[in-house]
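Have a look at the structure below, then the notes.
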């Protein structure tokens with residue numbers, strides 16, 4: 001059970017939180033507000049800041065959302081963090097990604113059947129999330145060789161940081177996985 005209440009829309013009294021919930025529901029396209037954000041409703045400013053960061057990092061930019069979600073699955077698996085792993089696997093499955101690919105992505109990344117560019121993005125993001133001091137100029141040059149620019153490489157790093165943070169937060173509060 002989560003250490004903070006998971007507030008449903010009909011329980012909200014703060015108009016700012018209601019507005020953020022409506023935006024989350026609309027922008028994510030899931031027809032729901034994930035428990036991640038519900039658990040932050042007790043602090044409207046923290047909820048707003050985290051939603052804006054998630055929105056800017058995952059929903060906007062040049063790297064496709066699906067690739068960012070795959071990176072989130074790989075990072076969550078590496079961190080042994082079930083919340084984001086389950087939620088983002090469900091979302092990608094809903095987009096038609098095969099269960100086999102999702103399972104391999106989370107459990108045996110080196111054998112995951114992805115194109116070279118996508119695999120390089122995920123590998124770089126995983127290293128960013130798990131051992132950033134091991135990143136070298138060679139790692140950056142390889143991404144550039146594959147056609148990624150500075151803005152895209154920055155997005156990979158920002159996505160890795162976001163999922164690492166989400167993993168720590170959801171694990172720290174024992175956040176229960178959304179009913180999907």
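Just so you know, all these numbers are worked out from the coordinates, no wet-lab data involved. Keep in mind the model is a prediction, meaning the values are calculated, not measured. So basically every Cβ, Gly included, is an ideal-geometry build from the backbone, and we count neighbours across all protein chains shown.
Oblate is the label for the stretch 84-180, because a/c, from the alpha-carbon gyration tensor with a ≥ b ≥ c as root eigenvalues, is 1.5 or above and a/b does not exceed b/c.
If Rh is defined by the Kirkwood formula over all Cα pairs and Rg also comes from Cα, what ratio Rg/Rh do you get for the chain?
Value, to two decimals: 0.98.
Give the calculated FRET efficiency between residue 22 and residue 177 to the nearest 0.05, with a Förster radius of 25 Å applied to their Cβ-Cβ distance. Before the final figure, lay out the partial values.
Working: r = 23 Å, r/R0 = 0.92.
It comes out at approximately 0.60.
Computed over the chain, the per-residue total of -39500 (n - 2.57) for DSSP H runs of n ≥ 4 gives a 222 nm mean residue ellipticity of -19500 deg cm²/dmol, rounded to 500.
Once the Cα-Cα distance is subtracted from the 0.36 nm per residue extended length, the residue 165 to residue 52 segment shows a gain of 39.2 nm. The simple spin-label model puts a point 7 Å past each Cα toward its Cβ; for residue 11 and residue 60 those points are separated by 3.1 nm. For the stretch 111-180 versus the stretch 34-88, the spacing of their alpha-carbon centroids is 13 Å. Computed from label points 7 Å out along Cα-Cβ, the spacing between residue 135 and residue 90 is 3.1 nm.
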